[in-house]
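Colleague: Right, I'll just put the structure down here and ask away after.
The values are calculated or read from the model by the stated rules, or taken from the named source; none is laboratory data. Here the structure is a predicted model, which is why all the values come from computation and not from measurement. Methodologically, a virtual Cβ is constructed for each residue, glycine included, from the backbone with ideal geometry; neighbour enumeration extends over all protein chains shown. Just the protein is used for accessible areas: all its heavy atoms, side chains included, with ligands, DNA and RNA removed. Shrake-Rupley method; radii C 1.70, N 1.55, O 1.52, S 1.80 Å.
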Amino acid sequence: MSVPVAGLSPSELQRAARDHLWLHFTRMSSYRDAEVPVIVRGDGCYLEDSNGNRYLDALAGLFAVNIGYGFGEEMGEAAAAQMRELPFYTNWSYAHPRAIELAAEVASLAPGDLNRVFFCSGGSEAVESAWKLARQYYAARGEQQRVQAVERMAAGERIEYQAPGERRWKAVSRRIAYHGTTMGALSINGISSLRVPFEPLVPDVVHVRNTNRYHRPPEETEAEFTAFLLEDLEEAILQAGPETIAMVIFEPVQNAGGSYTPPEGYWKGVREICDRYDILLCADEVITGFGRLGAWFASERYDIRPDIVTSAKGLSSAHAAIGAVIATDRVMEPFLEGHKMYSHGITFGGHPVMAAIALKNIEIMKRERLVEHVAEKQDDFHSTLSQLLDLPIVGDLRGTGFFYALELVKDKETRETFSDEECETLLRGFLSPRLFERGLICRADDRGDPVVQISPPLVADQAEFDEIAGILGDVLAEASERMR
Ligand SMILES: Cc1ncc(COP(=O)(O)O)c(C=O)c1O
């Protein structure tokens, strides 16, 4: 059954898509002779295309539609009410009720004293904004300390004052990590194929090891692995000059490469190193924020204690273009005095309609107990997916919450991975189209080693876990045969 959308028939949509729409991260040539997939509606964890085919969206849009596709009407009413009341006003020197309410709500959900919320339009902008904030923080703090010292000396106090380093600009991130596409965020990315076409990038980012354990020596203990990673981080900081580093930015669980979870003691060690060298720690929670790991923030789950958190996708369940940088009171403090300000702004940051949608999203997540649901069901999801480890091509299953990856290997014994050409045949030549044909949307990716990423809406339950594992089982069994 074909479904007309906004007046265009499916064939007219195809023509208009080919003629006018430039898709993101897409080889447009692949649609020269093939149909552009056109998704027309959704419900729960399911999507439907313009030809009436149904898909289980095991990627939640892009790790984003946390409440699924079933609350559009309620979200739309919240948007419409806000449109009637105040369709737009800016956060540049002004406030409006929805931005204030959302900031207070986000601060109440974020752990510790992460109380200060700066809105932007998405994840890349959040990362970009966090880096700019970290850069400016040291200058503002240095200035604050200098003024305080001068005041105390003027009051007759005899103090030892040494001007702190006031300019720090470098960031530290991890290899293969994805943090967005705008120039600053791209520079933080650790994925060479995305970086190289746009070099020279924004100076300076130091890339350190990620927490991929699968390809470490099998006899290495978890404690040894943690120590190895922390040593690498500290050495990189010392080599770059700690007094030049503004921010360490890592995801709580790294997405690109396939759900790299942190080994025991890792986050505690990272926090200690940041404290030792007086560096701000930013947890990039663009994916993990708002429930994906069974806590409102993964920073809480892993006791990360970041100075800055970046978030976007799940904040509105992707029903609105909104992101947020959440900073601790300590980070805000130097900006609260005199003429100082964070010299940064974006027209749409804190847009009232986007904020109203995000508020409604959080209300729905609370009402439906979605964060608790993930915490309760994550083990069932993991054990359902772990059946796939019986397949010869599946080397590893990693992840937590509703955020998993299967690593595909050529040889399970030796953990040998596929060559670039083999990945091309396996992932883009076979897996992606076959999974889609079978009605399952997930991501077959080789930004690191080849993985299949699974990250459904947080409303998913055992029926969806079974369907995901069932389709993946069939298709990966076929892939094993083909790659022999
Ligand atoms: C960890 C992380 N940071 C930043 C981004 C960039 O977000 P956006 O695509 O909204 O700009 C992403 C996107 O996937 C992400 O996963």
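Colleague: Is one or more of the residues making up the range 248-264 in a helix (DSSP H, G or I), open to solvent by 10 Å² or more (accessible area, probe 1.4 Å) and without any contact (Cβ under 8 Å) to a residue 60 or more places away in the chain?
Modeller: Filtering the range 248-264 for residues in a helix (DSSP H, G or I) gives none.
No - not one qualifying residue is present in the range 248-264.
Colleague: Here is a follow-up. Which condition from (1) touching a helix residue (DSSP H, G or I) at 6+ places or on another chain (Cβ under 8 Å); (2) of a type in the set (A, V, I, L, M); (3) open to solvent by 60 Å² or more (accessible area, probe 1.4 Å); (4) away from the ligand (no atom under 16 Å from the Cβ) is the one that residue 140 breaks?
Modeller: Exception for residue 140: condition (3).
Colleague: Just to check your reading of the model, which residue among 62, 56 is within 16 Å of the ligand (Cβ to nearest atom), within 18 Å of residue 318 (Cα to Cα) and of a type in the set (A, V, I, L, M, F, W, C)?
Modeller: Numbers: 56 fails: within 16 Å of the ligand (Cβ to nearest atom).
Result of the check over 62, 56: 62.
Colleague: In the range 72-102, how many residues are over 20 Å from residue 325 (Cα atoms) and open to solvent by 60 Å² or more (accessible area, probe 1.4 Å)? So that I can check it myself, show each step before the final result.
Modeller: Residues of the range 72-102 over 20 Å from residue 325 (Cα atoms): 72-88.
Among the residues that remain, those that are also open to solvent by 60 Å² or more (accessible area, probe 1.4 Å) are: 73, 77, 83-85, 87-88.
Qualifying residue count for the region: 7.
Colleague: Would you confirm whether or not the range 216-224 contains a residue that is within 21 Å of the chain's Cα centre (by Cα) and more than 16 Å from the ligand (Cβ to nearest atom)? Walk me through it before giving the result.
Modeller: The initial filter retains those residues of the range 216-224 that are within 21 Å of the chain's Cα centre (by Cα), namely none.
No, the range 216-224 contains no residue that is within 21 Å of the chain's Cα centre (by Cα) and more than 16 Å from the ligand (Cβ to nearest atom).
Colleague: Kindly establish whether residue 250 is within 16 Å of the ligand (Cβ to nearest atom) and more than 24 Å from residue 204 (Cα to Cα). So that I can check it myself, show each step before the final result.
Modeller: Values: within 16 Å of the ligand (Cβ to nearest atom): yes; more than 24 Å from residue 204 (Cα to Cα): no.
Answer is no for this residue.
Colleague: So residue 53 ticks every box in (1) open to solvent by 60 Å² or more (accessible area, probe 1.4 Å); (2) over 20 Å from residue 442 (Cβ atoms) but one. Which box is left unticked?
Modeller: Status for residue 53: all satisfied but (2).
Colleague: Also: When the residues of the range 171-193 are narrowed to those that are over 14 Å from the mean Cα position of the chain (by Cα), more than 17 Å from residue 247 (Cα to Cα) and open to solvent by 30 Å² or more (accessible area, probe 1.4 Å), which ends up farthest from the ligand (Cβ to nearest atom)?
Modeller: It comes out as 192.
Colleague: Kindly establish whether residue 124 is part of a strand (DSSP E or B), of a type in the set (Ser, Thr, Tyr) and within 13 Å of the ligand (Cβ to nearest atom). Quick ask: steps written out before the conclusion?
Modeller: Details: part of a strand (DSSP E or B): no; of a type in the set (Ser, Thr, Tyr): yes; within 13 Å of the ligand (Cβ to nearest atom): yes.
The answer is no for residue 124.
Colleague: Within the range 254-273, can one find any residue that is out of contact with any strand residue (DSSP E or B) (no Cβ under 9 Å at 6 or more places or on another chain) and within 13 Å of the ligand (Cβ to nearest atom)?
Modeller: No, the range 254-273 contains no residue that is out of contact with any strand residue (DSSP E or B) (no Cβ under 9 Å at 6 or more places or on another chain) and within 13 Å of the ligand (Cβ to nearest atom).
Matching residues to (1) surrounded by 13 or more Cβ atoms within 10 Å (Cβ to Cβ); (2) assigned to a helix (DSSP H, G or I); (3) of a type outside the set (A, V, I, L, M, F, W, C); (4) at pLDDT below 95:
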position	(1), (2), (3), (4)
202	yes, no, no, no
212	yes, no, yes, no
228	yes, yes, no, no
235	no, yes, yes, no
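Colleague: Quick one: which residue in 341, 332 is more than 14 Å from the ligand (Cβ to nearest atom), surrounded by fewer than 21 Cβ atoms within 10 Å (Cβ to Cβ) and without any contact (Cβ under 8 Å) to a residue 60 or more places away in the chain? Break it down stepwise before answering.
Modeller: Numbers: 332 fails: without any contact (Cβ under 8 Å) to a residue 60 or more places away in the chain.
That would be 341, the only listed residue that is more than 14 Å from the ligand (Cβ to nearest atom), surrounded by fewer than 21 Cβ atoms within 10 Å (Cβ to Cβ) and without any contact (Cβ under 8 Å) to a residue 60 or more places away in the chain.
Colleague: In the range 146-170, which residues are outside any loop (DSSP other than H, G, I, E, B) and open to solvent by 70 Å² or more (accessible area, probe 1.4 Å)? First the steps, then the outcome.
Modeller: The initial filter retains those residues of the range 146-170 that are outside any loop (DSSP other than H, G, I, E, B), namely 146-154, 170.
146, 148, 150, 151, 152, 153, 154, listed by residue number.
Colleague: Select from the range 285-314 the residues that are within 10 Å of the ligand (Cβ to nearest atom) and open to solvent by less than 10 Å² (accessible area, probe 1.4 Å) and list them in ascending order.
Modeller: Pass one, the range 285-314, residues within 10 Å of the ligand (Cβ to nearest atom): 285-289, 310-313.
Hits for the range 285-314 are 285, 288, 289, 310, 311, 312.
Colleague: Among the residues of the range 28-38, is there at least one that is closer than 19 Å to residue 471 by Cβ and either more than 30 Å from the chain's Cα centre (by Cα) or not acidic (Asp, Glu) (or both)? Spell out how you get there, then give the answer.
Modeller: At the first step, the residues of the range 28-38 found to be closer than 19 Å to residue 471 by Cβ are 37.
Adding the requirement that they be either more than 30 Å from the chain's Cα centre (by Cα) or not acidic (Asp, Glu) (or both) leaves 37.
Yes, the conditions are met somewhere in the range 28-38.
Colleague: Answer with yes or no whether residue 123 is touching a residue at least 12 places away in the same chain (Cβ under 8 Å), out of contact with any His (no Cβ under 9 Å at 6 or more places or on another chain) and of a type outside the set (D, E, K, R).
Modeller: Working: touching a residue at least 12 places away in the same chain (Cβ under 8 Å): yes; out of contact with any His (no Cβ under 9 Å at 6 or more places or on another chain): no; of a type outside the set (D, E, K, R): yes.
No, not satisfied.
Colleague: Oh, and also: Filter the range 449-469 for residues that are open to solvent by less than 20 Å² (accessible area, probe 1.4 Å) and assigned to a loop (DSSP other than H, G, I, E, B); which is farthest from residue 54 (Cα to Cα)?
Modeller: This residue is 450.
Colleague: Could you check how many residues of the range 318-351 are more than 23 Å from the chain's Cα centre (by Cα) and either part of a helix (DSSP H, G or I) or closer than 28 Å to residue 304 by Cα (or both)? Break it down into steps so the answer makes sense when it comes.
Modeller: Our first condition is that a residue be more than 23 Å from the chain's Cα centre (by Cα); within the range 318-351, this holds for 329-330, 332-343.
From what is left, the residues that are either part of a helix (DSSP H, G or I) or closer than 28 Å to residue 304 by Cα (or both) are 329-330, 332-336, 341-343.
Residues flagged as more than 23 Å from the chain's Cα centre (by Cα) and either part of a helix (DSSP H, G or I) or closer than 28 Å to residue 304 by Cα (or both) within the range 318-351 amount to 10.
Colleague: Taking interchain pairs and intrachain pairs at least six residues apart, which have beta carbon atoms under 8 angstrom, with the first residue in the range 166-194 and within 12 Å of residue 210 (Cβ to Cβ) and the second within 13 Å of the ligand (Cβ to nearest atom) and at pLDDT below 95?
Modeller: 176/447; 178/447; 191/447
Colleague: Does residue 243 satisfy the condition of being farther than 28 Å from residue 401 by Cβ and away from the ligand (no atom under 16 Å from the Cβ)? Steps first, answer last, please.
Modeller: Numbers: farther than 28 Å from residue 401 by Cβ: yes; away from the ligand (no atom under 16 Å from the Cβ): yes.
So residue 243 fits the description; yes.
Colleague: Determine, yes or no, whether residue 319 is under 25 Å from residue 74 (Cβ atoms) and crowded, with 19+ Cβ neighbours inside 10 Å. Spell out how you get there, then give the answer.
Modeller: Numbers: under 25 Å from residue 74 (Cβ atoms): yes; crowded, with 19+ Cβ neighbours inside 10 Å: yes.
In short, yes.
Colleague: To continue, here is another question. So, residue 389, is that one open to solvent by 10 Å² or more (accessible area, probe 1.4 Å), assigned to a helix (DSSP H, G or I) and touching a strand residue (DSSP E or B) at 6+ places or on another chain (Cβ under 9 Å) or not?
Modeller: Working: open to solvent by 10 Å² or more (accessible area, probe 1.4 Å): yes; assigned to a helix (DSSP H, G or I): yes; touching a strand residue (DSSP E or B) at 6+ places or on another chain (Cβ under 9 Å): yes.
So residue 389 fits the description; yes.
Colleague: Please verify whether the range 83-94 includes one or more residues that are touching a Lys or Arg at 6+ places or on another chain (Cβ under 9 Å) and within 16 Å of the ligand (Cβ to nearest atom).
Modeller: no
Colleague: Next question. Residue under question is residue 69, and the condition is that it be surrounded by 16 or more Cβ atoms within 10 Å (Cβ to Cβ), of a type in the set (Ser, Thr, Tyr) and at pLDDT 95 or above; does it hold?
Modeller: yes
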